[in-house]
Amino acid sequence: MAQLPNLHTDAGKYQIGMGGWSKTLAPLFIEFIGGIREGDRVLDVGCGTGSLTFTIADTTRASKIVGIDPSIGYLEYARANNTHPHVTFEMGDAQKLPHDDGSFDCCVSSLMIQFVPDAHRAVKEMKRVTKAGGKVATCMWDNSGSMELSQRFWDAAVAVDSEAKRPDKSFYGSPNTLSDLWTVTGFKGVETKALVIPMKFASFDDFWRIHSNTQGPPKPYISSLSPEREQALKERLRTDILGNHPDGSITLHAKAWAVRGVVPTG
C-alpha cells in the first residue's frame, strides 16, 4: 500500500476524531465478522492507530493479533499504547503482505480499502494469507449521505461558499461494490451488513473543535478560509445542528457497510 496522503498520517489528530469513531465502530464490526475463536491468529490490515486491533484483543481470545500499516506515525502511536503481549504491529504493504500463505485464521481491515491503489490486489493478498475456511472482512463508511457528520458539514460549507467542493465519494462505500469485490476475489458465503454508530459531542464548541482539528477533508478546507468565512461557516453549522435549541450535547450518526466472506476449502 502506498504511503497514505499527508492528511491521514498525523496519528494524534487522527485519533481525536476518526480514531475514536473507529473504536466505536470496532465492536459492531467484530460481532459481524463472527467466529474469532480462542487460539485464532488474526491479521488487521491497515490497522492505523490500532482501534480495531486493540478491540479484538480486548473482546476475543485470539492468541496472536498482528496489525500492519504503511504509516510509521500510526505504528509508533499503536506501539506506544500496546499493553497486550500477544499483539504486535508491523510496517507493510496491503498489496504485498509479508506473511506466508494461510498464516492466519482471520484477516480484517477497517476503513482502509479506499486508500489502497489496487484494492483487488490487496483483497487477494488478504485471502492468500488466510487459511482455507477462514474469514476475511472489511468495512467502509457509507457513501450515500448517511455519514451525518460529513453531510452536515458539507451542506453548510456549500451554503456559505459557492466554491466549496464536496470530497469525492468512496467507491467502496456501498454494499454492492463491497460484495462484488469479495465475490470476484473468490470468497464463499459473502454477506454485507450496515453498521450504525453514534458520534457524540459535549457541545457545539466541542463538535467544532474536534471536527476542525481531526484528520480528514474538512481540516484543509477550513484552513483555506479567511477568518470571516470560517466564522460564517461555523455559525451556519451551529444553526443547522442546534436550530432553536439551546447548546448542549450533540449526537450525530454514521453508517458503515461491512462485508465478510470465507476462503474456500479444496
Index of the failed condition, I68 passing every other in (1) out of contact with any Pro (no Cβ under 9 Å at 6 or more places or on another chain); (2) more than 20 Å from V263 (Cα to Cα)
(1)
Give V196, V190 a once-over and let me know the one that is β-branched (V, I, T) and touching a Lys or Arg at 6+ places or on another chain (Cβ under 6 Å).
V196
Members of region 90-128 that are more than 23 Å from A256 (Cβ to Cβ) and touching a Gly at 6+ places or on another chain (Cβ under 6 Å):
P98, D105
Determine whether region 228-240 contains at least one residue that is of a type in the set (G, A, S) and surrounded by 15 or more Cβ atoms within 10 Å (Cβ to Cβ).
yes
Taking P217 as meeting all but one of (1) in contact with a Pro (Cβ under 6 Å, 6 or more places away or on another chain); (2) over 12 Å from L149 (Cβ atoms), write down the number of the exception.
(2)
Looking only at region 210-237, which residues are in contact (Cβ under 8 Å) with a residue 24 or more places away in the chain and either over 27 Å from the mean Cα position of the chain (by Cα) or farther than 12 Å from F153 by Cβ (or both)?
N213, Q215, P220, L225, R229, A232, R236
Select, from S63, S51, the only residue that is in contact with a Lys or Arg (Cβ under 7 Å, 6 or more places away or on another chain), crowded, with 18+ Cβ neighbours inside 10 Å and among the polar types (S, T, N, Q).
S51
Go through Q114, Q151 for me and flag whichever is touching a Ser or Thr at 6+ places or on another chain (Cβ under 9 Å) and free of Cβ contacts under 8 Å to residues at least 60 places away in the same chain.
Q114
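Among residues belonging to region 120-172 that are in a loop (DSSP other than H, G, I, E, B) and closer than 26 Å to D105 by Cα, point out the one that is modelled with the lowest pLDDT.
Here the answer is Y172.
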Since V259 meets every condition but one in (1) without any contact (Cβ under 8 Å) to a residue 24 or more places away in the chain; (2) assigned to a strand (DSSP E or B), which condition does it not meet?
(1)
Would you pick out the residues in region 222-237 that are at pLDDT below 90 and closer than 20 Å to D206 by Cβ?
I222, S223
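The values are calculated or read from the model by the stated rules, or taken from the named source; none is laboratory data. All of these numbers come straight from a predicted model, not from anything done at the bench. Positions of Cβ are backbone-derived with ideal geometry, glycine not excepted, and every protein chain shown enters the neighbour counts.
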